[in-house]
Amino acid sequence: MSRRTIVIGAGAAGLMAAGRAAERGFEVILLEKNDRPGKKLRISGKGRCNITNNTDIDGLIQNIPGNGSFLYSSFYTFSNEDIMQFFRDEGLELKVERGGRVFPVSDDANDVVSALVRRAARSGAVIRYRSPVTSIEVSDGAVKGVALKNSETIECDSVVLATGGVSYPGTGSTGDGYKMAQKLGHTIAPLKPSLVPLVSTEKWVKDLQGLTLKNIAITIYDRNRKKVYTDFGEMLFTHFGVSGPVILSASRHIIQYGYRDVFLSIDLKPALSPEILDSRIQRDFEKYSRKQFKNSLDDLLPQKMIPVIVDLSGISADKPVNQVTKTERRTLVSLLKGLTLEISGSRPISEAIVTAGGICTDEIDPATMESKLIKGLFFAGEIMDVDGYTGGFNLTIAFSTGYVAGMYC
């Protein structure tokens, strides 16, 4: 009888692991509790699927604050270049966008899932849906099989646990794998939301709900006004605070602060120095010299933002613009160059893109993804205590560790 491997979880890591293990001639059964594969993968990158990042290995590691060095071996075994070639071999055309982000030309995450399923099936892996696993059976410190919810037991020689984290539980990421691993003696580093929208204390953010700001710069400060993080790009105001690409990236940098007691400063006009911005405002004031202050900012700000900025500036909304003093104008400049919010928390982990924390990497062989505690047990993807920033780094982790687990299981 040929060696049998069971992969638990048909997400990015599990599909890659199943395909690689089957290519080696093993009998591979991929067990998925949902009725279709890749549910979280299908919604990644707003449905476009940012499959990897076109940087070098060191660039990948630098963008993985959660135990990035643990991944050196995986990335050298199956790199971002290998990931891109894998999908090209499956007929998926790719494109590189700003910041090295790699997407399918089709902008359709379903095409990425189809490519992974196609490769796994062609290699001989069997995918079973609606097959939730309850436990991994072990004897004498080695994997012997898995028990399913329907009371079925399947014997096997190895298991790849690729059940993901606990973010987006509607996709099936409900933390099942952590419980299975913990039962076998593995340590779980505390689970925290990463790449998550942030909550602010200011009431006025609700007035800006739905407003997207492009080409802005942000800086995060701690309570001692020490600079924690800066970024440039796009953000969004919500009913609870802020979200969007630069905010999600910023969130990973303040995880150690518990997402509170930090301040977000938004530079609405990063291309203009305070002096040039002041000159620009003076020109606008001359243009609208007969108007009230509240009606003088149309060329400078989105309409939705004007009442908020007027209120925060402390300048009377009805004041004739030709009576605004130099001091008041400088206050306005400072406000536009540093609109500040107090961050008081994050949205729940269920709304995070990624789970930080998970199975401790000290208990996993970085070269093979095998457990150091249980022979024949392998891990892949988000279930481990590894996580990266936005930009394709988390899927790179999933594909690379999935491939390595499938190669050695």
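Only the coordinates and a few stated rules stand behind these numbers; no lab work does. Since we're looking at a predicted model, the values are computed, not measured. With ideal geometry, Cβ positions are generated from the backbone for all residues, glycine too; neighbour counts draw on all protein chains shown.
Per residue, the average separation of C-alpha pairs within less than 8 Å and at least 6 apart gives the range 1-74 a relative contact order of 25 percent. Straight-line reach from Lys203: which aspartates and glutamates fall under 20 Å, measuring Cα to Cα and dropping same-chain residues less than 8 apart? Qualifying aspartates and glutamates at Cα under 20 Å: Asp261, Asp267, Asp311, Glu342. Computed from the alpha carbon positions, the gyration tensor of the range 26-176 leads to an equivalent ellipsoid with semi-axes of 29, 19, 16 Å, biggest first.
Give me the Kirkwood hydrodynamic radius of the range 243-329, using the inverse of the mean 1/r over all pairs of distinct Cα atoms, in Å to one decimal. This gives a value of 15.1 Å. The count of lysine pairs in the range 257-377 whose Cα atoms are under 14 Å apart, excluding pairs fewer than 8 places apart on the same chain, comes to 4. Have a look at the DSSP beta bridges in the chain and tell me what percent are antiparallel, nearest 5. Of all bridge pairs located within the chain, approximately 75 percent are antiparallel.
With the alpha-carbon atoms of the range 322-409 aligned to their principal axes, the span from lowest to highest coordinate is 78, 22, 21 Å, starting with the largest. Taking Cα atoms only, the orientation of helix 12-23 departs from the longest principal axis of the chain by about 30 degrees.
Simple point charges give the picture: +1 on the Cβ of Lys and Arg, -1 on the Cβ of Asp and Glu, and for the chain a dipole about the Cα centre of about 1040 debye.
Size of the dipole of the range 193-254 about the Cα centre, Lys and Arg at +1 and Asp and Glu at -1 on the beta carbon, nothing else charged, in debye to 20?
Numbers: 8 positive and 5 negative charges, 47 e Å.
Dipole of the range 193-254, to the nearest 20 debye: 220 debye.
Rounded to the nearest 20 debye, the dipole magnitude of the range 232-383 is 760 debye, with +1 charges on Lys and Arg beta carbons, -1 on Asp and Glu beta carbons, and the Cα centre as origin. Overall shape of the range 81-145 was characterised from the C-alpha gyration tensor. The equivalent ellipsoid obtained from it has semi-axes of 33, 15, 12 Å, in decreasing order.
What percent do you get for the relative contact order of the range 197-346 when only Cα pairs under 8 Å and 6+ apart count? Worked out over the range 197-346, it gives 31 percent.
Given the alternatives (i) 89, 41, 36; (ii) 65, 42, 41; (iii) 69, 51, 41, Cα extents along the principal axes in Å as computed for this entry is given by (i). The residues neighbouring Val205, those whose beta-carbon lies less than 15 Å from its own, together hold a net charge of 0 under the Lys/Arg +1, Asp/Glu -1 convention.
Using a Gaussian network model of the chain whose springs link C-alpha atoms within less than 10 Å, name the residue from Thr327, Thr174, Thr355 with the highest mean-square fluctuation. For the chain, modelled as a Gaussian network with Cα springs under 10 Å, the answer is Thr327.
Relative to the dominant Cα principal axis of the chain, helix 80-89 is inclined by about 70°.
Taking the radius of gyration and the Kirkwood hydrodynamic radius from Cα positions alone, what is the Rg/Rh ratio for the range 1-102, to two decimal places? Provide the component values of the computation, followed by the final result.
Values: Rg = 15.2 Å, Rh = 15.4 Å.
Reported Rg/Rh, Kirkwood definition of Rh: 0.99.
For the chain, adding -39500 (n - 2.57) for each run of n ≥ 4 DSSP H residues and dividing by the number of residues yields -8500 deg cm²/dmol at 222 nm.
What fraction, in whole percent, of alpha-carbon pairs in the range 299-361 exceed 20 Å separation? Mind dumping the intermediate values first?
Working: 955 of 1953 pairs.
Here the long-distance tail beyond 20 Å is 49 percent of all Cα pairs in the range 299-361.
Comparing Leu198, Ser289, Leu248 along the charge dipole axis of the range 197-346, the residue lying farthest to the positive side is Ser289, per the Cβ-charge model. Of the Cα atoms belonging to the range 178-279, the radius of gyration and Dmax stand at 17.1, 67 Å. Considering only Phe378, Val138, Gly47, the residue lying farthest towards the positive end of the dipole of the chain is Gly47, judged by Cα position with unit charges set on Cβ.
Each principal axis of the Cα cloud of the range 197-346 was evaluated for its coordinate range; sorted largest first, these ranges are 50, 28, 24 Å. Annotation for the range 36-52 versus the range 283-301: alpha-carbon center distance of 45 Å. Farthest towards the positive end of the charge dipole of the range 197-346, among the residues Asn322, Ile266, Leu301, is the Cα of Asn322, using unit charges on the Cβ of Lys, Arg, Asp and Glu.
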